[in-house]
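Data first, discussion second: the structure below is written as structure tokens.
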Amino acid sequence: MADRERRRMELWFRRQGLPWLVHERDGFGQVLLRVAPAVTALVLYDLMTTEFSLLVPDTDEEFGTFITDPLLALLYYSNFALIYLVPVLGAWQVLHWTRNREPSAGSTALVLALCLAEVFGVPAVDYLAGFAEGDWPAVLHGLGWVLVFGLLAAAGAGAVFLWALRVALRQLRVLGLLASRALPLLLLFVTFFFFNAEIWQITSTLPRPALWGVLGLFSAVGLLFLFAVAQDELRELAAETGPERVPLRRRENANLVTVLALAQALQAAVFGVLVFAFFLTLGSMAIRPEVVKMWLTKDPTSGKLFGVLLPVSQELVHASMFLAVFSALYFTTAVFTDGKYRDAFFHPLLGEITLSLAARREYLARWPRAAAG
């Protein structure tokens, strides 16, 4: 009975995004169950992009003719939506299947087969479709992703991400309120740069890996800010708890800080995606290919994002990505000066953390660390 109660409490901590507050570490079978949703999403995404590549022509001229046909355009946009919808639905179904499931020989075999499908099956499909030559880099690429997901699952990253995602989805109303207040003023400022030739010239000359590096730098600055704020808030919360509290270990403190920062980072990411979609729409409507050619002294090229061909230019994609991440960084730093945001979003988060700290005290009182083995 005591083991069952302890297991139930540890599962509650995991659902709160706090796997590092429990004593017991996951075994191999449990890690495989936790990695299954992410690998499922990756396999489905790879297969959908292969199907999409078979549907869409390769050259700019053929694609321009293809997208002007109403029926083919409908087929294109529906398949484009399915590329992202099918992996999400598949991962959700697998997550539902793995929830509260104890590892067994059957579940272990199923997840291992899923991992092998990503490592060997997806490259085989690409080879049969004519998109690969059957060499080892594709196999190593799939193996690398499976290993990364496995390490993240073993570290409890999945529990942290799912909790932060649930919080972000619950607080979409708050995000809409903030976006309606911050977006118009921000767009007045950022749109000026969007219609500036220098931004297009800078971003168009950057290869995609270099652009990701620049965007990663912006993202790192925003995350450092969020982690610093979350650490300060957690320190104040711990001081208010009183002397009866059990001091946090480093990994426990890191877990609490991470869930606070990640929940806010996901909201900033949603805001950035909204800005990205806005500039893609605005650019496709207001900036003609002749203007892009005049700014860059070359013809615009077909845009791609994560290997998916888009009905806009690559130069527009690059400029929109740059300004979207810049806007998300502005959003991250600006919202903490908004009292309504702190009352509507951040204070409920701190309330959940307070509840988790109280549950931790009870957990440690019943099962001390030394006795946990």
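The values are calculated or read from the model by the stated rules, or taken from the named source; none is laboratory data. Computed from a predicted model, the values in this text were never measured in an experiment. Counting neighbours? That spans all protein chains shown, and the Cβs are built from the backbone with ideal geometry, glycine included. Heavy atoms of the whole protein, side chains included, go into the accessibility calculation; ligands, DNA and RNA do not. Shrake-Rupley method; radii C 1.70, N 1.55, O 1.52, S 1.80 Å.
Things to note:
- Within the stretch 5-53, being under 23 Å from the mean Cα position of the chain (by Cα) and assigned to a loop (DSSP other than H, G, I, E, B) holds for Gln16, Gly17, Leu18.
- Close pairs (8 angstrom Cβ cut-off, 6 or more residues apart or separate chains): within 24 Å of Ala334 (Cα to Cα) in the stretch 205-229, assigned to a helix (DSSP H, G or I) and open to solvent by 50 Å² or more (accessible area, probe 1.4 Å) anywhere: Phe218/Phe326; Gly222/Thr333; Phe225/Thr333
- Answer residue from the stretch 282-303, given it is outside any helix (DSSP H, G or I) and either touching a residue at least 24 places away in the same chain (Cβ under 8 Å) or open to solvent by less than 20 Å² (accessible area, probe 1.4 Å) (or both) and is nearest to Ala269 (Cα to Cα) among those: Gly303
- Listing of helices (runs of 4 or more DSSP H) fully contained in the stretch 55-161 that carry 1 or more residues being polar (S, T, N, Q), surrounded by 11 or more Cβ atoms within 10 Å (Cβ to Cβ) and at pLDDT 85 or above: 70-98, 105-116
- Taken over the stretch 310-325, the criterion of being open to solvent by less than 20 Å² (accessible area, probe 1.4 Å) and outside any helix (DSSP H, G or I) is satisfied by Leu310 alone.
- Taking the criterion of being modelled with pLDDT under 85 and open to solvent by 100 Å² or more (accessible area, probe 1.4 Å), the residues of the stretch 198-249 that qualify are Arg235, Glu236, Glu240, Pro243, Glu244, Arg249.
- Meets criteria (under 18 Å from the mean Cα position of the chain (by Cα) and not aromatic (Phe, Trp, Tyr)) for Ala286: no
- Here the condition is being among the small types (Gly, Ala, Ser), buried (at least 22 other Cβ atoms within 10 Å of the Cβ), assigned to a helix (DSSP H, G or I) and in contact (Cβ under 8 Å) with a residue 24 or more places away in the chain; of Ala269, Ala328, Ala254, Ala334, it holds for Ala328 alone.
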